[in-house]
Amino acid sequence: MPHILIVEDDRSLSAGIALALGEAIFTHAYTLQEAEAALTAASIDLVILDINLPDGSGLDLLRRLRQHSEVPVLLLTANDLERDEVAGLEAGADDYVTKPFSLAVLRARAGRLLSRRPAGTISLPPFTFDFAALRFTADGAPVDLSRTEQRLLRLLVENRGRTLPRDLLLSRVWDGGEFVDENALSVAVRRLRSKLPGAPIKTVYGVGYQWEAAK
């Protein structure tokens, strides 16, 4: 059962969102401070995050979260200007809903994000990846991965069969990627391949990388 954190200062709306989403474990936070405490206290599978909160902007929380986590984030906001949507996506949001919104649409978008997130251990023989416990094995032997390698691996396996552009990987693995040498990505891929011999990490020349789906 997924654990969903709802960060929304309107308590009635927060309760309504939980009701609409159905079976899940819900944690409600009404301020940034409460949200940060909740994220520290438990493993969260999805964050539904209001931008406008009593003690600051949800975008600030999102940027801090992206320094160490790839948990899916669905933004809620009363702002409908294009620049607000762009700011949210650039900060690392996975999706964006403008108030007022249909709870059915919210449920569909939340479900899509949850379906992209691995449930428990991912088994891709001869590899197993447990991103919650930070345990990784190849042919049953433990593999030690750096945080950068973990982020890169997670993006690849969560999107297996899909080519991820270099710009996207630079942005998500290195928190924006503006000041990262592009060679850093090539080095990280090379190290990941060396630690996971036989991993189907395909270079799509001129585009990016892909974890090839099993045929």
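Can you confirm whether ALA35 is within 22 Å of ARG116 (Cβ to Cβ), outside any strand (DSSP E or B) and in contact with a Leu (Cβ under 9 Å, 6 or more places away or on another chain)? So ALA35 passes the test.
The residues listed here are ARG83, ARG135, ARG112; of these, the one that is of a type outside the set (Ser, Thr, Tyr), exposed (fewer than 14 other Cβ atoms within 10 Å of the Cβ) and modelled with pLDDT under 85 is ARG83. For the range 167-201, taking the residues that are among the basic types (Lys, Arg) and modelled with pLDDT of 90 or more, the one that is farthest from ALA141 (Cα to Cα) is identified as ARG190. Out of curiosity, is ARG109 in a helix (DSSP H, G or I), under 20 Å from ILE44 (Cα atoms) and out of contact with any helix residue (DSSP H, G or I) (no Cβ under 9 Å at 6 or more places or on another chain)? Judged against the criteria, ARG109 is a match. Among the numbered conditions (1) farther than 23 Å from ASN159 by Cβ; (2) open to solvent by 30 Å² or more (accessible area, probe 1.4 Å); (3) touching a residue at least 40 places away in the same chain (Cβ under 8 Å); (4) not in a helix (DSSP H, G or I), the only one that PHE101 does not meet is (3).
The values are calculated or read from the model by the stated rules, or taken from the named source; none is laboratory data. These figures come from a predicted structure and were not determined experimentally. Virtual Cβ from ideal backbone geometry, glycine too; neighbours counted across all protein chains shown. Protein only, heavy atoms only, side chains kept; ligands, DNA and RNA dropped before computing areas. Shrake-Rupley method; radii C 1.70, N 1.55, O 1.52, S 1.80 Å.
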